[in-house]
Every structure is written in C-alpha cells, then in structure tokens.
1. Mind listing just one residue for me: the one in the stretch 44-88 that is in contact (Cβ under 8 Å) with a residue 40 or more places away in the chain and outside any helix (DSSP H, G or I) and, of those, most open to solvent (accessible area, probe 1.4 Å)?
2. Check whether at least one residue in the stretch 31-52 is of a type outside the set (Gly, Ala, Ser), in contact with a Gly (Cβ under 6 Å, 6 or more places away or on another chain) and modelled with pLDDT of 95 or more, and report yes or no.
3. Out of the residues in the stretch 215-253 meeting the condition of being of a type in the set (Lys, Arg) and over 18 Å from the mean Cα position of the chain (by Cα), tell me which one is surrounded by the most Cβ atoms within 10 Å (Cβ to Cβ).
4. Of the residues ALA98, ALA152, which is part of a helix (DSSP H, G or I), buried (at least 20 other Cβ atoms within 10 Å of the Cβ) and not polar (S, T, N, Q)?
5. Within the group VAL231, VAL215, VAL191, which residue is of a type in the set (A, V, I, L, M, F, W, C), closer than 30 Å to VAL107 by Cα and in contact (Cβ under 8 Å) with a residue 12 or more places away in the chain?
6. Determine if the stretch 103-110 includes at least one residue that is farther than 16 Å from LEU241 by Cα, open to solvent by less than 10 Å² (accessible area, probe 1.4 Å) and more than 21 Å from the chain's Cα centre (by Cα).
7. Just to be sure I understand, how many residues within the stretch 286-332 are open to solvent by less than 40 Å² (accessible area, probe 1.4 Å) and either assigned to a helix (DSSP H, G or I) or of a type in the set (Ser, Thr, Tyr) (or both)?
Amino acid sequence: MTQHVSPPRDSAGKLPPAGGLPAWRSLPARADVRTLSLLGVLAVLILIGGITRPDEFLDTRNLQLVLTQASVIGVVTVGMTFVITSGGIDLSVGAIVALSSVWATTVATQGYGFAGILFTAMIVGVGCGLVNGLLIAYGGMVPFIATLAMLASARGLALQITDGRTQIVTVGSVLRLGERDSYVLGVPPLVLVFAAVTVIGWLVLNRTTFGRRTVAVGGNPEAARLAGIDVRRQRLYLYLLSGLACGIAAFLLIVLSGSGQNTNGNLYELDAIAAAIIGGTLLSGGRGTITGSVLGVLIFTTITNIFALNNLQSDVQEIAKGAIIVAAVLVQRRTASTT
C-alpha cells in the first residue's frame, strides 16, 4: 500500500505558495532586491554628478568629502536603525549630538586632552540614551513624546552651556585627525570609524542574540515577552545604544568642524530616520537592515553634494528628500500588503 505523505506546512500550519518557497525563505531574496535597487539609485546619482560636474564631482577630494560628511550622520543612523527595528523612534538624536559636542569642548573638558573629549562625548550620549530608555521602557512613556522632550531639553542645555557662542577646539591631537596627513591610504579616519561602526552594527543585528531579540520585540512585543525576552530591558539597551552612537558622532563632528556648537546635529533625526526607511527598515518595526541604512545615508549625502556643486537652492533639496521619504514609505506599504 502506498503511504500518503502530507505536503510541508509553515509554522502557522499553512501550505507554502504553489510553485514557490515559504514566505520566510523569500526574505533574503527580497533583501537582495532592495540592496541592488539602492545600489542602482546610488549609481545613477554618481552618473548624474559625473555628467553635470565631471571635474568637481569626480575629484578625489570631493569624494573624500562626501564620505566624511556621510560618516557623522551614518553613525547616528546605525543607532537609529536598531531603535526603529524594535518598533521605537528617537527624535532626540540631533539634540544629543549637539549637547555631547558642546559638553566635550568646554575649556574644562579640553584640559583632559584627547581622551577627555572622547570620553565626555560618549558618556553624555549614553546618559541621554539612559534617560530616554528609562522613560520609555520603565516609565511607560510613548517614544515619540519621551524623545521629543529630550530633544527640547538637550537643545536648551546645549544653548545654556555655550551661551550661543562657538567653542573652539585647541587640542592638537583631535584636530590632526581631520587633516590630510592622518588619512590612511587616502581614506579619512572618520570614514574608517564609520566603517567600523557599520560592520559592528551589522554583526550585532544579524549574528547575535541581541539582534534577534531586537527584531522580535519590534515584530510582536507580546510574543517576545511570552518567549522569555525581557522587553523593557531590551528597549532600555537599544536607547543606550542610540545614545552611544550619538556620542561617537558628536566626537566625529568635533574633529570635522574643530568646534562645538549648540546648533550641531540640526535635523539629524530627520536624516537618520529617512535613511533608515529608504534603506528598507520598517517604520512599524520587526525588520531592519544596516546595509540598507548605510546606502540610504550615502544616497542623501550624494544628493546634497550634487545640489551644492550645481548651486541649487537648499529648499529644492529638502523637497526632494521629502518626496523620496514618501515614495519609500508607499513602497513599504505596498510590499507589506502583498506578503
């Protein structure tokens, strides 16, 4: 007698699509398509820049400038990607960068040299992230409200510290990091830091238990709790991570500008969220991609550079950014409705 074998079913007891793989197996393929699409957009932008301003855009110094400018917001975006993947949001990243940069460039802090500036920038960022995490994870506040309050508070404190004045960095070892003599094989040190943060972020999100817990909390917090994940503690860690990223970015900005200002990090929250979204991170949580976020940063930075080289007004640039964000969200919704 021939034994009847039932076709394989997925975890929900449903049959896989006829002629195709189960939905979870198609995720890597969709991720590859998104990455290739972003690379295609970046290639088109590079082509446009090369056609409109070939001598200036393709100049080595300009390409180094693009990568250096992308490094600061890129580090912030890596931290933001983790937060959004968990289903949260952080509107305070720009203000935290500003507060970290001005606190790290006070006369008293500069007296401790390179280590003092670096440590202060990072510890202020982590401290702000701790406040955000405690308010959201254990205080029950909505992330939008908690981080909006931090945005206002950090900006106000940064203004109070500087009294509206620019704080000039006088520590030579910090300033030398921004000079061409410090480049490694033609690569600015800031870009190397950005690359290191990107690699570490990718490994943590994709190859560790911490990353899997982050995705689980963003996908379904209640299911994650029932699976034994301490959701509140995980959210606290994520905002600490975002704060640390802001502290590192503040130090990079200090190196880049040679100063600390209360206006630093203006609209970084918009740029970081936009880069993460167009990169493929779901705004509703449950899916995040460090590779996509980094490509999103490079796309926005390249657009800014092309606009500047062609003497186009900044308001046109902001309109273009807004259009890209709306298009990315619409594509996400369409993709979600068909899966």
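1. Across the stretch 44-88, the extreme among qualifying residues is ARG53.
2. Among the residues of the stretch 31-52, not one is of a type outside the set (Gly, Ala, Ser), in contact with a Gly (Cβ under 6 Å, 6 or more places away or on another chain) and modelled with pLDDT of 95 or more, which makes the answer no.
3. Out of the qualifying residues, it is ARG232.
4. Only one candidate passes the filter, namely ALA98.
5. VAL191
6. Yes, there is a match, as at least one residue in the stretch 103-110 is farther than 16 Å from LEU241 by Cα, open to solvent by less than 10 Å² (accessible area, probe 1.4 Å) and more than 21 Å from the chain's Cα centre (by Cα).
7. Of the residues in that region, 25 qualify.
Conditions tested, residue by residue: (1) at pLDDT below 95; (2) touching a His at 6+ places or on another chain (Cβ under 6 Å); (3) of a type in the set (Gly, Ala, Ser).
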site: VAL215; (1), (2), (3): no, no, no
site: ASP230; (1), (2), (3): no, no, no
site: ARG233; (1), (2), (3): no, no, no
site: CYS246; (1), (2), (3): no, no, no
site: ILE254; (1), (2), (3): no, no, no
site: SER257; (1), (2), (3): yes, no, yes
site: ILE277; (1), (2), (3): yes, no, no
site: ARG287; (1), (2), (3): yes, no, no
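The values are calculated or read from the model by the stated rules, or taken from the named source; none is laboratory data. All values derive from a computational prediction rather than experimental measurement. So basically every Cβ, Gly included, is an ideal-geometry build from the backbone, and we count neighbours across all protein chains shown. SASA here: full protein model, heavy atoms, side chains in, ligands and nucleic acids out. Shrake-Rupley method; radii C 1.70, N 1.55, O 1.52, S 1.80 Å.
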